[in-house]
Structure formats: structure tokens, C-alpha cells
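Novice: If you scroll down you'll find the structure; I have some questions about it.
What follows is calculated from the coordinates using simple rules that are stated; it is not laboratory data. Note that the structure is a prediction, hence the values are computed from the model and not measured. Cβ atoms come from the backbone with ideal geometry, glycine included; neighbour counts cover every protein chain shown.
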Amino acid sequence: MKEYGKDCYQDILNQDLAWGSFLEDEKEHEKVIKKIKRNNIKKVIFIGCGSSYYIAISGAFIFKKITGIESEAVPGSEMMFNPEVYLPSTLSNNEKTLLVPISRSGQSIEIIEAMNQFKENDNIIKLALTCNKKSKLVNITDHYIYSKRGLEKSLIMSRSFTSMLLGILLMASLWVKNTQLVKELKQLPTLFKNNIKDWDQLIEGHVTDFDYEKYEFLGQGSYFGIANEAMLKMKEMAITVSEDFHSLEFRHGPKSIVDSNTLITLFIGDKSYQREKKLSEELKSYGGDLFIIGNSLDDKIKELSPLYFEINSELKEEILSPLILVPAQLLAYHLASKKGLDVENPKNLSKVVENI
Ligand code: F1P
């Protein structure tokens, strides 16, 4: 059988190399953060398109949680059309806004057009987060943080997503000089290596044995951006309709569609654990199947879900954000393979959206 999506599969299976390589450059990243911190940053706005916007959603939550600095995620198109709505209306004489455009290619048209608006604006410090340091974006920003092994061969974003999200985790940890957090981030490549083989086999097996019509992805906090990206992988790779919600938002109406043809993937958090467990019991009672991924899972959760992954680390949920996405990438890949789709040439998609 033709090996569909070889490059994409390899990109997913070797993300730990991109993470390790990014973390090796800690000192370079630290120099950038120190330069930026010479400014009195009042607010940080992360912008992105597609998957990169979902990095921004998860990253803004993480950056505020770790540094305490006001942080927000805005789609590139919104910052292009309505910058005055998102930029702080009042700044004291030395306060600045840090704008962080996130872009694997550094070429997406909305990001470039948005950033070109601020070329002369000294109240905005511009930091690019990218996998392409020879990009238009890097030429129009003051600083850049670069994931040198993040860029995929494949069109589909996988290791670029997780390595740039790891980038925001490292930025925030360096910002507050939390050496313990930096040490914890350095555990992620090993945690990936310890789990990837089992995860891949178990997911391939589940996809082979079960068929669903509807796919829901749920998460709170930093896992909401992860749920967004999981939804997008299902669409881009498996050409399958899927949705994402904050976990408890799903109860306010969308849960009405749950039946025995529904797979709900829950990225279960620490603070939200008990409520998300009750939600899982409710969704199970409607006939839905649960795929639960979390740090430590109790027996009740394990009984509820035909498929569950327990990471078993001492790490907080935010630190696990890049890792917890990986099972959803594998789910989309194996469903695409089952459907005989060639993920190297996904329907209607291009690697970069450079014009509108
Ligand atoms: C990323 C992106 C992807 C999308 C497609 C087109 O742009 O929008 O999210 O899946 O591959 O490109 P960027 O990160 O390069 O700006």
C-alpha cells in the first residue's frame, strides 16, 4: 500500500528533536528576552493565522499565568483590520506593548500586512516567533525567536506548532527567571520519547477497530488552544468535520449532538479535573466514546474511556501543553490513512497563504 503521508508521519514522530534543538538555544533566546525586558511592557498581544493563531490562544494564557503580564491572542486578520480595538488605548509615557506575531513561514499575508502598520510605532516592540528566519516577517520586526528544527517537510503543521508553543513557555519562564520551570521544560523531549511508540500503536489500533461520524475536542486553560489545533488537524488531514470547545462550554448546548457515533477527546486539566470527570460521565451516558489524555487519571476516568493516556509526570498542565497535543495529531493521521487520504497533498490547502 502506498505509504501515505510519510513526511507528515515522520514530522509527528520526531517532534522531540525539534524541542531539544530549540531548548539547546536557551542562551540565545534569553538574550532576546533580556533586550525586550529593558522596555516597560504593559501588554503582550500574540497574533497568528490558522494553527499559529491556536498557538497564540494557548500561549497568551500561559504567558499571563507565568508572568502576570496582561496577554491576549488575536487572529492576524483582526490585527490587520482593527488594530485600534486591540492595542491599549492609553499608555503612560514609557509603557509599551509587545506584539508577538507567530508564523511558521513568516510569510502569511495577514501577519505581514498587520505588522507593516506598526513600522513607525515606537510604542510597540515587535518580536517574531517563527521557523523561518529568512522570512519577510523577521525583516519587519525588532527581534525574533527561531525554532531551527521546527519547519516541517510536510504542509501540515505538527512539530512547528509544538516547538513554537514550547518557545512561549520558555519565553515566559526566562522572563520571570524561573530556572525550575526551565528545568521542567527540558523534561518534555524525554516524556515524548517514553510515550510516543505506545501512543502511536494504541491510536492506530483504536482507529482500525472503531468508526465515528463526529469528533469533539475539549480543553480548559492552556488546553483550549490545544483543542482548537486538534480540531484543525482532523479537518486538514482526515477531511473530517470536527469541533472544539472549552470543556464545560460543551455542556451549554453543543453536547446535544453526542451519540454512539461521537468520539470526544478531552485534554483533562489539573484544576478542572473533577468537573471534567463529571462531564465525562455525562457524555458517556449519552453514548459518546471518550478519549482522555491527562497527567494523572483515576480509576473512574480509566473505566469511562476505551482509550486513555496518562503521562504521569510531576509537571503542571501548562508545561505539558506541547506534549498533550501529540495524541490528537496521531488520531488525525491514522484516520486519514484509514480513509486512504494523502496528507502530503491535503484538499484545498497550501503551505502558506501569501495573498488575499
Ligand atoms: C500557518 C498556516 C497553517 C495552515 C496552512 C497554511 O501559517 O495558516 O496554519 O494549516 O498550512 O498556513 P504560518 O504559521 O506560516 O503563518
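Novice: Tell me, T179, T190 in order of fewest to most beta-carbon neighbours within 10 Å? Could you put the intermediate results ahead of the total?
Specialist: Working: T179 9, T190 13.
Going from least to most buried by this count: T179, T190.
Novice: Please work out the C-alpha center-to-center distance from segment 322-356 to segment 240-284 and express it in whole Å.
Specialist: Using only Cα atoms to place each centre, the spacing works out to 23 Å.
Novice: Then there is this: Once label points are set 7 Å from the Cα along Cα→Cβ at both E213 and Q10, what is their separation, rounded to one decimal in nm?
Specialist: Computed distance between label sites E213 and Q10 equals 3.9 nm.
Novice: Still on this structure: If you filter segment 164-240 for chymotrypsin sites (Phe, Trp or Tyr not before Pro), then keep DSSP loop positions with at most 15 other Cβ within 10 Å, what is left? Before the final figure, lay out each step's value.
Specialist: On the way: sites: W175, F192, W199, F210, Y212, Y215, F217, Y223, F224; in loops: F210, Y212.
Here the sparse-neighbourhood loop sites are F210.
Novice: What is the local net charge at D16, summed over the other residues whose Cβ is closer than 14 Å to its Cβ (Lys, Arg +1; Asp, Glu -1)?
Specialist: Working: positive: R149, R159, K186, K193, K197; negative: D11, E24, D200.
Around D16, the surrounding residues sum to +2.
Novice: Something else: What's the angle, to the nearest 10 degrees (0 to 90), between helix 51-67's Cα axis and the longest principal axis of the chain?
Specialist: It is inclined by approximately 70 degrees.
Novice: Does segment 188-338 come out rounded, prolate or oblate by the C-alpha gyration tensor, with a ≥ b ≥ c the root eigenvalues, rounded set by a/c under 1.5 and, if not, prolate when a/b is larger than b/c and oblate if not?
Specialist: Working: a/c = 1.39, a/b = 1.07, b/c = 1.30.
Rounded is the answer for segment 188-338, as its axis ratio a/c remains below 1.5.
Novice: Hey, another quick one. When V343, V138 are ordered from fewest to most other Cβ atoms inside 10 Å of their Cβ, what list results? Kindly include the intermediate steps, with their values, before the conclusion.
Specialist: Details: V343 24, V138 17.
The most exposed by this proxy come first: V138, V343.
Novice: I would also like to ask the following. Just to check I understand the Karplus step: with θ = phi - 60° and J = 6.51 cos²θ - 1.76 cosθ + 1.60, what whole-Hz values come out for segment 94-99, glycine and proline as x?
Specialist: Ordered by residue, 3J(HN,Hα) equals 10, 6, 10, 10, 9, 9 Hz.
Novice: Let me ask something additional. Tally Lys and Arg at +1 and Asp and Glu at -1 over the other residues with C-beta under 15 Å from the C-beta of I33: what net charge comes out? Don't skip to the answer; put the middle values down first.
Specialist: Numbers: positive: K27, K31, K34, K35, K37, R38, K96, K126, K177; negative: D25, E26, E28, E30, D142.
Result for the local shell: +4.
Novice: Could you size up the charge dipole of the chain around its Cα centre, putting +1 on the beta carbon of Lys and Arg and -1 on that of Asp and Glu, and report it in debye to the nearest 20? List each step's numbers first, then the result.
Specialist: Values: 45 positive and 49 negative charges, 243 e Å.
In debye, rounded to 20, the chain gives about 1160.
Novice: Compute the whole-percent fraction of alpha carbon pairs in segment 6-185 spaced more than 25 Å apart. Provide the component values of the computation, followed by the final result.
Specialist: Details: 4343 of 16110 pairs.
Roughly 27 percent, rounded to a whole number.
Novice: For K134 and K339, compute 0.36 nm times the residue count separating them, minus their Cα-Cα distance, and round to one decimal in nm.
Specialist: Values: separation 205, 0.36 × 205 = 73.80 nm, distance 3.69 nm.
Full-extension gain reported as 70.1 nm.
Novice: How big is the Cα convex hull of the chain in projection, averaged over all directions, in nm²?
Specialist: On the way: hull surface 68.9 nm².
In nm², the orientation-averaged hull projection of the chain is 17.2.
Novice: I would also like to ask the following. Considering only the other residues whose Cβ falls under 13 Å of the Cβ of L137, what net charge follows from Lys and Arg at +1 and Asp and Glu at -1?
Specialist: Once positives and negatives cancel, what remains is +2.
Novice: Quick one: angle between helix 188-209 and the longest Cα principal axis of the chain, in degrees between 0 and 90, rounded to 10, please.
Specialist: 40 degrees
Novice: Here is a follow-up. If the chain between N261 and Q117 were fully stretched, how many nm would it gain, using 0.36 nm times the residue separation less the Cα-Cα distance? Before the final figure, lay out each step's value.
Specialist: Working: separation 144, 0.36 × 144 = 51.84 nm, distance 4.72 nm.
Result: 47.1 nm gained on full extension.
Novice: Identify the residues of segment 202-231 with backbone N under 18 Å of a label point that sits 7 angstrom from the Cα of K302 along the Cα-to-Cβ direction, or state none.
Specialist: Within reach of a label on K302: 202-203.
Novice: Right, next: State the Cα centre-to-centre distance between segment 174-188 and segment 48-94 in whole Å.
Specialist: 23 Å
Novice: Now for a separate question. Can you sort D289, D211, D11, D25 so the residue with the fewest Cβ neighbours within 10 Å comes first?
Specialist: Working: D289 20, D211 10, D11 23, D25 15.
Ordered by Cβ neighbours within 10 Å, fewest first: D211, D25, D289, D11.
Novice: About the Cα centre of segment 122-166, what is the dipole size in debye to 20, counting +1 per Lys and Arg Cβ and -1 per Asp and Glu Cβ, all else neutral? All intermediate terms of the calculation are to be shown ahead of the outcome.
Specialist: On the way: 8 positive and 3 negative charges, 59 e Å.
Its charge dipole is roughly 280 debye.
Novice: Taking 0.36 nm per intervening residue step and subtracting the Cα-Cα distance, what contour gain separates E28 from S350 on full extension? Could you put the intermediate results ahead of the total?
Specialist: Numbers: separation 322, 0.36 × 322 = 115.92 nm, distance 3.17 nm.
So the chain would gain 112.7 nm between E28 and S350.
Novice: Follow-up. By how many degrees, 0 to 90 and rounded to 10, does the Cα axis of helix 273-285 deviate from the longest principal axis of the chain?
Specialist: Around 40 degrees separate the two axes.
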